[in-house]
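Novice: Take a look at this one; I'll ask things after.
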Amino acid sequence: MGYVFRYTAFFNQSGFSGLTNQSMVLGPIAGFSMLISLYYLFNAKNKKQKVLLIAIIIISFLTCLLAASRGALFSLVVSSVFLIFITYRKSKRKFVTVFIVSAILILSSFNFWLPYAENVILKNQSRVETDNILSGRETMWKDRI
């Protein structure tokens, strides 16, 4: 809600930080929130619970994108695939079905979540232009030294 309504309290010099003091803290928290909600979604019996958990998953994913933490985003994707695999490890067919349906949903909703990924894309482009994927951290370490 803070991002949608542009509350200044949710932004700092590095961009959107939510209720945390830094976006690098927000990304992992959003990732954990999504993973926990995904776990409960797989075990939910009630339809109202499932709808609420899907809403939390969507909000957590978008928040992770807004944090613009490539590490948190990569960890979230890998952890989500691993969670799906572990949940459906006894039924490979169900794992493949859930994985394909998830991939189709993510790809079909691309236009919805792409604006939230703008900062991640910009960070990646600037790192590619400098030919150093860690150039932002390298500059920070040089400044500290």
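Novice: State whether the residues of region 133-141 include one that is at pLDDT below 75, of a type in the set (Gly, Ala, Ser) and surrounded by fewer than 16 Cβ atoms within 10 Å (Cβ to Cβ).
Specialist: Scanning region 133-141, I find at least one residue that is at pLDDT below 75, of a type in the set (Gly, Ala, Ser) and surrounded by fewer than 16 Cβ atoms within 10 Å (Cβ to Cβ), so the answer is yes.
Novice: Quick check on my filter: what residues within region 80-97 are over 19 Å from the mean Cα position of the chain (by Cα) and touching a residue at least 12 places away in the same chain (Cβ under 8 Å)?
Specialist: Once the filter is applied, which keeps residues that are over 19 Å from the mean Cα position of the chain (by Cα) and touching a residue at least 12 places away in the same chain (Cβ under 8 Å), region 80-97 yields only Thr87.
Novice: Looking at (1) without any contact (Cβ under 8 Å) to a residue 40 or more places away in the chain; (2) closer than 14 Å to Ser102 by Cβ, which one does Lys50 not meet, given that it meets all the others?
Specialist: Just one mismatch for Lys50, condition (2).
The values are calculated or read from the model by the stated rules, or taken from the named source; none is laboratory data. The model shown is predicted, which means the values in this text are computed figures rather than measured ones. FYI the Cβ positions are ideal-geometry reconstructions off the backbone, even for glycines, and counts take in every protein chain you see.
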